[in-house]
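Q: Could you have a look at this structure, given as structure tokens, before my questions?
The values are calculated or read from the model by the stated rules, or taken from the named source; none is laboratory data. Quick caveat: nothing in here was measured; it's all calculated off a predicted structure. When we count neighbours, we look across all protein chains shown, and the Cβ atoms used for this are built from the backbone with ideal geometry, even at glycine. Surface accessibility is based on the protein's heavy atoms, side chains included, excluding ligands, DNA and RNA. Shrake-Rupley method; radii C 1.70, N 1.55, O 1.52, S 1.80 Å.
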Amino acid sequence: GGAMATGQTLTADATRLRVALVGPNITVLTSSSAAELSREDPRWGNGAFTKIVLEALSSRADANRNGLISISELTGYLTRHVPGLTDGAQHPGVEIRFDGDVFVAGL
């Protein structure tokens with residue numbers, strides 16, 4: 001989302017960002033689609049997207065249990081769990097041009 005210092009809201013659209021980042025080995029994740037709000041809740045201590053990213057990186061997204069979280073495992077976890085946490089009101093945007101492993105300490 002976006003807003004000016006005056007409080008005026010700005011239309012958010014990650015399409016321009018995804019187009020600008022054309023190239024190999026890039027993955028763009030957005031917390032919600034352009035038509036949705038990114039939900040925050042004091043119980044989570046942050047937004048829904050951040051809550052699920054942190055959960056995923058705690059090893060829950062490691063679907064094949066190889067000790068690494070691939071981009072496809074991460075994005076799959078996000079696209080399954082963010083809508084569930086927000087009662088279907090928020091869906092992450094995903095643009096994948098890379099599918100390698102993300103090395104995460106502490107798995």
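Q: Place a label point 7 angstrom from the Cα of Asn66 along the Cα-to-Cβ direction, then list the residues of region 27-45 whose backbone nitrogen is under 17 Å away.
A: Output list for this probe position: empty.
Q: While we're here: Ranked highest first by the average count of other Cβ atoms within 10 Å around their residues, in what order do 39-49, 86-96 fall? List each step's numbers first, then the result.
A: Values: 39-49: 14.2, 86-96: 16.1.
Output ranking for 39-49, 86-96: 86-96, 39-49.
Q: With the cut-off at 1.5 for a/c, could you classify region 49-98 from its C-alpha gyration tensor as rounded, prolate or oblate?
A: Details: a/c = 2.38, a/b = 1.45, b/c = 1.64.
Since a/c reaches 1.5 but b/c is at least a/b, the shape of region 49-98 is classed as oblate.
Q: Output ³J(HN,Hα) for region 48-57: one whole-Hz value per residue in order, computed from phi by the Karplus curve 6.51 cos²θ - 1.76 cosθ + 1.60 with θ = phi - 60°, and x for Gly and Pro.
A: 4, 4, 5, 4, 6, 4, 4, 4, 4, 6
Q: Roughly how much of Thr6 is accessible, in Å² to the nearest 10, using a 1.4 Å probe?
A: That residue has around 110 Å² of solvent-accessible surface.
Q: Evaluate the distance, in nm, between pseudo-label points positioned 7 Å from the Cα of Ser58 and of Ala34 along their respective Cα→Cβ axes.
A: The answer from the label model is 3.5 nm.
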